[in-house]
Structure formats: structure tokens, C-alpha cells
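Single-structure report; data block below.
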Amino acid sequence: MQYLPNILFSIALAAGIGYFTLNIRKIIRNIKLGQEVNASDNKGQRWSNMVRIALGQSKMVVRPIPGLLHIFVYVGFVIINIEVLEIIIDGIFGTHRVLSTILPEGLYNFLIGSFEILALLVLVGVILFWTRRNIQKLKRFWNPEMKGWPKNDGNFILYFEMVLMVLFLTMNAADQSLQSLGAAHYVEAGSFPISKFIVPLIDGFSEGTLFAIERGAWWLHILGILIFLNYLYFSKHLHILLAFPNVYFGKVTPKGKFKNLESVTNEVKMMMDPNVDPFAAPAEGTQEAPSKFGASDVMDLSRIQLLNAYTCTECGRCTSECPANITGKKLSPRKIMMDTRDRLEEIGKNIDKNGEFKPDGKQLLDDYITREELWACTTCNACVEACPVSIDPLSIIMDMRQYLVMEQSAAPTELNVAMTNIENNGAPWPYNQMDRLNWKNEN
Amino acid sequence: MAEYMAQGKQPEVLFWVGCAGSFDDRAKKITKAFVKLLHKANIDFAVLGTEESCTGDPAKRAGNEFLFQMQAMANIEVLNGYGIKKIVTACPHCFNTIGNEYPELGGTYEIMHHTQFLKSLLDEGKLKVEGGKFKGKKITFHDPCYLGRANGEYEAPRNLLEKLEVELVEMKRNKKHGMCCGAGGAQMFKEPEAGDKDVNVERTEQAMETSAKIIATGCPFCMVMMTDGVKAKNAEENVQVMDVAEMIANAEDL
């Protein structure tokens, strides 16, 4: 019976990691529904972006206050994971503070001490984040697309982190008391610069009670972490993992460079080549004409764009910089990303259920993203610049515009007029091309 | 350009005028101011004149990739036919399209925005600028998206303004975080979607908050939008919108 906790722990750990792996594989499967893209170029630039932007948080600190708070939480999250390693070893083998027996005392004390300080900083950061959302009510957290689940999701994550940090500090406080009582198993180890202030609150408790508090906090803490790990899949919080690949695959060309559609290039070249026989049958083995120009559903988007959608943590910096959104138009770049993910997950569930995708009569265009949103974009790249993890909402807007114009001829009337002008007289206005040089002789 | 070709000469640089610079009455003034500066600096330049055609930028950003590539290929054929190596343009949209999107279609040129070109003339001493009537005046610079964020050029126009010895005051949203005038993405050619306000009015208000006397810019479309914005605020008497090239030419009374 004495191994019961070890066995229970191992089962919980395996279940937690197993379910998480299962869901991660679903994410990968869903992303692979998108069009393949070649991103094997500019490796040096890509790695350096990842180090600077993702690891180094360089774009987070553009807004200093949330940037700093985010660094507390981020560094805390990364460093405190060393402690989780110890917890996992202790859990499996029934040891207690195993690293204290391996590491030099000074180093171990330093580590535990810094975890505690970081835990406090995380707690402070998370509480301030919560106030910014719920008390200060920053506009970007109250846009229309943030109603319901997205709003709750944001708060749940903050509650999770608060509880985990409090449990961690409580566990350490009880541990200290047990150490000073000389309880069995509780070797003297660690320095506790923060939790020592909790000790007076539990002073005078019996050894049994302290033991219950310590074990209770220990179990809840590690189970909480496993639950949180599995919550990620259902939440906007995936960015803690996906930010890294997403920044790596982010755009490395000037922001103003929009990709040229190769399928169109081939057609145009044919049109302009006087030697082409317009009635010739396509050569054997040539690729068939693409089934579609632009994007009307998530499968038409690239894998990078779909990764973008999973990475988005709905911070809304893009939307708060978008000139269309600032002036009250329906377009919100954040909503473009949220819609893309929602639709992709809908298709994923469809595949889970039917084994393969059964058309459901819906698509990203119109059922999620309206034409009004797409046409409000000025392609100014403010959203792309604002994103701290290199998401490109503009590219999705452009692909969907291409579908509207090239597949459906559904551009706004005034744009059709401008395009006809370009086609006929080489300028978006109805001027004669022969008058192009008139300015020379005017005063 | 055809005349140069006939004489078997190559100009130092081709001035790509652009549709706005050719046809829009306000933008034509920018074209003329820039040409005056080119003459003053003794630059041997040519224009395509009636052989120039829309780069295709508004078509591409509207989603019409076909029309864009047809325009692009036709232009590239003309440019390559003349053996053009270096292009300067006063329009950030032409600048972006030719510089970033033409190379893959077979058109690779050295392209400069006119503010970059003017800066290089000053640096080389081919052109001299003094503050003149703009000295000490409060001026704010509106970053065109396709010059700034799209291509990372924030300093060349500001450098020119510094040379004019103006008092440069920045808007809250500037450089990387500059706000669009509302014309990009082919918005110039359509009515805006329903909202609380027009983008150009919002941006003009931001510019007027700096209490600058002149809103300087480097794009014919920003010019239209900001000028309309100033009109919408009934502030034409207090605030002018000017292209940086015009300011340099005016300072010299060219």
C-alpha cells in the first residue's frame, strides 16, 4: 500500500501527458489541412527572429506595462518548470525534494529562493492582468468578438495561474514548518524568502495538519499543472508553445511585399506570349489548372496561416492599431484570426466524427468572416506590426479578397470601375493614357 | 524615354510619375516640384510619358491578381525594353510594387522613393537646401504606410525636414506605429464601410493635435486624404498639407 501514491501519481502523469499528446496531434492534423508552403528560406533570419521576438519578447515591451508584467509571468513560467521536474521525480519515486540531495546546498537554496520570488512576481503580474481586463476594462478586451467564451477563457487562465502560485507558496510554507518540527522525510532544504511570511499563519498547527496541508498543496499543484496543460488545447493559451514555431515561420520579406500567385503568372505569361497556340491541348503531365484562386475556406489558406490562428492569444493589439477598427468599422484583425481557428476546429470535429471531412454547407467566408470586414481593410500592415508573435491577419484578408474578385467577381462597384479603368486606360481614373504627360506643359 | 532611346542615350535615372502624379491636380504639383529639383541638381532623367501605365497596386490590393500581373508584365516589358536600371518615384505604392513585387515577374531595378533620392542628392552635395520660409515652423510628418511600415523607410523624409530647419513634432502614432490615412488597399477608389468616422478625419485630428502648421507627407494618396481631412475639420486656413519635395522646392522659391 505504501506505493499507492506513487502509482496514482504515475497514472495521473501518464493520463495528463497522453491526452495532451492526443490533442496536439489533432492540431497538427488540422494545420496540415492547409496548403503546403515552402519556408526553408532565410534560416538565419528566422532563427534570429525566434530568439529576438519569441524568446526575447522584443515586441511585447513595445507597450511597457503589459510587456513587463508579461515578462514576469513568462520567465516565472519557464523557470518554475525546473521545480516541476523535481515534483515529477518526487512523485514517481516517492522521494522528497530530491534535487536537494543531488545539487550543492547553496545552489538548491538559490533555486528554491528564486522560484519563490518569481512565483510572487507571477502572482502580481496575473492579478494586475486581471484588473486590466475586469476593473480597468481596457477597450481591446471588450470588443464585440470578446463576448462569452473568449472573455471567460482569458479570466480562467488568470485564475488558474493565481491558484497554482498560491498552492506552490503554501506548499513551501508548510514544508518549512514541518522541517523545523523535524518531521520524518522533511529534510532541511531550500530557502523561502516569500513563503516564510505565510508560516506565521499556520504556526501552531499540529504535525498532522501541516502534513495534510503540505501534501494537499503538493497534489493540487501538480494536478493543477496537468489540468492546465490539457486546458491549453481548448483555449487561446496555446501561444505559450506555438509562439516559437509561429515566429520562426513569420514573414521575412518586407511587409509591403504581397506574394504573387504563381498560377496567375503562368496564365498571364501564356496570354502575353505571341508564340503560344491558344487552341493547343495542354501538354502531357502538366499540372491541372488550380481549382480555385484565393481563399473561401480554411483549407485554401496556407499551413502558416492556420498555425497563426492557433497561436493567436487574442490580446487585441492588432485590433487596437487597426485604422478601420479605430474608426468604428466592423473589421477586427483579431476576429479574423479567431474566426479562422473556430472554423478550422469545426472542420476538425467534423473529421473526428466522420473519419473524413463531410461538407457541412459552411465556409469561412460569409459564415464566419463577412465581406464588409474584408473590404474595410486598408492593407496598412498595422496589425502585422502590432502582433507580438508575428501573426499576419492581412494575408488572410488578401487571400479572401482574391477569392471574391477572381472567383466571384464580387468587388464593390466602385472598385470594379477603377479596375476597368486600369485595364482600359492604364490608370484607376477614366483619363486617357495619351494625356499622361500633359502635366509637363501645364502651369 | 523614347527620345533618349532614339538618341542612343541612357538617362541616369527614370522618374516613374505614377497615375496620381500624372492625372491628379494636386499630385501634379508634387510631380512638377520634384522635376524642378531634379533640374536644379542637374540630374539627367527621363519619364516614360504615355508609355507608363498603372503599376497594378490598387488591383492587387483589391484582390485582382490577374489584372495586377497583366499590368506588371506590360510595364516590365517596357522598362526592360529600354534597359532601365534605376527608377525614382514620388509614390510609395509604385515604389513598393516595383521594388518588391516586380522582381519575381522579371523586373529587377534599383528603386528609390523621391525622399530617399533627394536625400542622396543632398548628401552628395548636388542639391543644397536651407530652411527658407519653413525655418522654425511647426511641422508634423505623416508616414505613408507603403514607405514606412511596408518598407522600413522612416528617416529619409524626416532628414529632409531637418535640413529645412523646421520644428518637427511627432504625432502619437508615428513611424512603425503610424496610422494609415485611409487610402491604402484600394480604399482610395471606393466608399468606406460604415463606421463612426472616416479614417482620414481621425488621422487629420491626430495631426492637428500636434498644433503643426503643416502636415508633411510623401505620398499623393495620403495627400488627398489628409487634405480632405483638413477640409472636413474646416481648418484649411490654419493647416496646410504638403509633400516634402514641394517644401524643398518652395523653400528655394523654385
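Taking every protein chain into account, the accessible area of segment A:283-439 amounts to 37 square angstrom per residue (probe 1.4 Å).
A simple spin-label model places the labels of A:Gln2 and B:His39 10.2 nm from each other, with each point 7 Å out along Cα-to-Cβ.
Would you mind counting up the charge near B:Lys126? Only other residues with Cβ under 12 Å from its Cβ, with Lys and Arg at +1 and Asp and Glu at -1. My count for the surroundings of B:Lys126 gives -1.
Take chain B with all the other protein chains still there, run a 1.4 Å probe, and you get 36 Å² of accessible area per residue.
Excluding the site residues themselves, the longest part of chain A lacking any chymotrypsin sites (Phe, Trp or Tyr not before Pro) in a DSSP loop with at most 14 other Cβ atoms within 10 Å is A:4-141. Cβ distances below 4.7 Å define possible disulfide partners, and in chain A the cysteines left without one are A:Cys312, A:Cys315, A:Cys322, A:Cys377, A:Cys387.
Our compactness index for segment A:317-426, the C-alpha radius of gyration over the empirical 2.2 N^0.38 Å, is 1.23. Taking every C-alpha pair closer than 8 Å and separated by at least 6 residues, the mean separation divided by the residue count of chain B gives a relative contact order of 20 percent.
With all protein chains in place and ligands, DNA and RNA left out, the 1.4 Å accessible area ranks A:Lys353, B:Lys85, A:Lys257, B:Lys36 as A:Lys353, B:Lys85, B:Lys36, A:Lys257, largest first. Is there a pair in B:Lys29/B:Lys163; A:Lys255/B:Lys233; B:Lys133/B:Lys213; A:Lys269/A:Lys440 whose C-alpha atoms are over 24 Å apart, and which pairs would that be? In this structure, A:Lys255/B:Lys233; A:Lys269/A:Lys440 lie more than 24 Å apart at Cα.
Between B:Val241 and B:Ile215, the built amide H atoms are under 5 Å apart, and every one of these is 5 or more places off in sequence or on another chain.
Largest GNM mean-square fluctuation among A:Asn308, A:Asn350, A:Asn266, using chain A with Cα springs under 10 Å: A:Asn266.
Summing charges over neighbours of A:Thr265, with a neighbour being any other residue whose Cβ is under 13 Å away from its Cβ, gives -3 when K and R count +1 and D and E count -1. Taking GluC sites (Glu not before Pro) across segment B:1-75, the ones in a DSSP loop with at most 13 further Cβ atoms lying within 10 angstrom of their Cβ are B:Glu12. Shielding by partners for peptide B:172-178, expressed as the average number of C-beta atoms from other protein chains within 10 Å of each residue's C-beta, is 3.
Per residue of A:314-322, other chain Cβ atoms within 10 Å of the residue Cβ number 1 on average. Each 10 Å bin, from zero up to the one with the longest distance, holds this percent of the alpha carbon pairs of segment B:128-251: 14, 48, 32, 6, 0. Tell me the accessible surface of B:Phe34 in square angstrom (1.4 angstrom probe, heavy atoms of protein chains only), to the nearest ten. Looks like 0 Å² after rounding. Taking every residue in B:192-201 and counting other chain Cβ atoms within 10 Å of its Cβ, the average works out to 6. Within segment B:2-120, the percentage of alpha carbon pairs spaced more than 18 angstrom apart rounds to 49%. Note on B:Lys9: lysines with a C-alpha under 17 Å away, same-chain residues under 8 apart excluded, are B:Lys85, B:Lys86. A Förster radius of 25 Å combined with the Cβ-Cβ distance from A:Val61 to A:Lys137 puts the calculated FRET efficiency at roughly 0.60. Phi angles of segment A:21-37 translate, via the Karplus equation with coefficients 6.51, -1.76, 1.60 and θ = phi - 60°, into HN-Hα couplings of 4, 4, 6, 4, 5, 5, 4, 5, 4, 5, 4, 6, 5, x, 6, 5, 9 Hz per residue; Gly and Pro are given as x. Computed over the Cα atoms of the protein assembly as shown, the ratio of the radius of gyration to the Kirkwood radius (Rg/Rh) comes to 1.06. Across segment A:222-229, computed HN-Hα scalar couplings (Karplus, 6.51 cos²θ - 1.76 cosθ + 1.60, θ = phi - 60°) run 6, 5, x, 5, 5, 5, 4, 4 Hz from first to last residue, x flagging Gly and Pro.
Assign one of three labels to chain B, namely rounded, prolate or oblate, based on the Cα gyration tensor with a ≥ b ≥ c the square roots of its eigenvalues; rounded applies when a/c is under 1.5, prolate when it is not and a/b is larger than b/c, and oblate otherwise. Note, shape of chain B comes out oblate. In this label model, A:Ser48 and A:Lys362 are separated by 4.4 nm, measuring between points 7 Å along each Cα→Cβ vector.
Annotation: peptides B:243-252, A:358-367, ranked by per-residue average of other Cβ atoms within 10 Å with the highest first, follow the order B:243-252, A:358-367. In this simple spin-label model, placing a label point 7 Å from the Cα along the Cα-to-Cβ direction at both A:Ile127 and A:Ile17 gives a separation of 3.5 nm. Between A:Gly76, A:Gly106, A:Gly91, the residue with the greatest mean-square fluctuation in the GNM of chain A (Cα pairs under 10 Å linked by springs) is A:Gly106. The largest accessible area among B:Met223, A:Met299 belongs to the first residue in A:Met299, B:Met223, and the rest follow in falling order (1.4 Å probe, all chains).
Summing Lys and Arg as +1 and Asp and Glu as -1 over all other residues whose Cβ lies under 13 Å from the Cβ of A:Ala39 gives a net charge of +2.
For segment A:244-264, a reduction of at least 50 Å² in accessible area between the chain on its own and the assembled protein chains (probe 1.4 Å) is found at A:Gly256, A:Lys257, A:Phe258, A:Asn260. In a fully extended conformation the segment linking A:Ala183 and A:Ile202 would gain 5.3 nm over its present Cα-Cα distance, using 0.36 nm per residue.
Here the Karplus relation 6.51 cos²θ - 1.76 cosθ + 1.60, evaluated at θ = phi - 60°, turns the backbone of segment A:336-348 into coupling constants of 4, 5, 5, 5, 4, 5, 4, 5, 5, 5, 4, 5, x Hz, with x for every Gly and Pro.
Figure legend: label point modelled 7 angstrom from the Cα of A:Val84 along Cα→Cβ; residues of segment A:152-169 with amide N under 17 Å from it are A:157-169.
Considering only alpha-carbon pairs that sit under 8 angstrom and 6 or more positions apart, the relative contact order computed for chain A is 19 percent.
Computed from protein heavy atoms with a 1.4 Å probe, the total accessible area buried between A and B is close to 5700 Å². Taking the 1.4 Å solvent-accessible surface of the protein assembly as shown as the whole, the part contributed by carbon and sulfur is 58%.
The values are calculated or read from the model by the stated rules, or taken from the named source; none is laboratory data. If you're wondering where the values come from, they're calculated on a predicted model, not measured in any experiment. All Cβ positions, glycine included, derive from the backbone under ideal geometry; neighbour counts span all protein chains shown. Quick note on the areas: whole protein, heavy atoms, side chains included, nothing else; ligands and nucleic acids left out. Shrake-Rupley method; radii C 1.70, N 1.55, O 1.52, S 1.80 Å.
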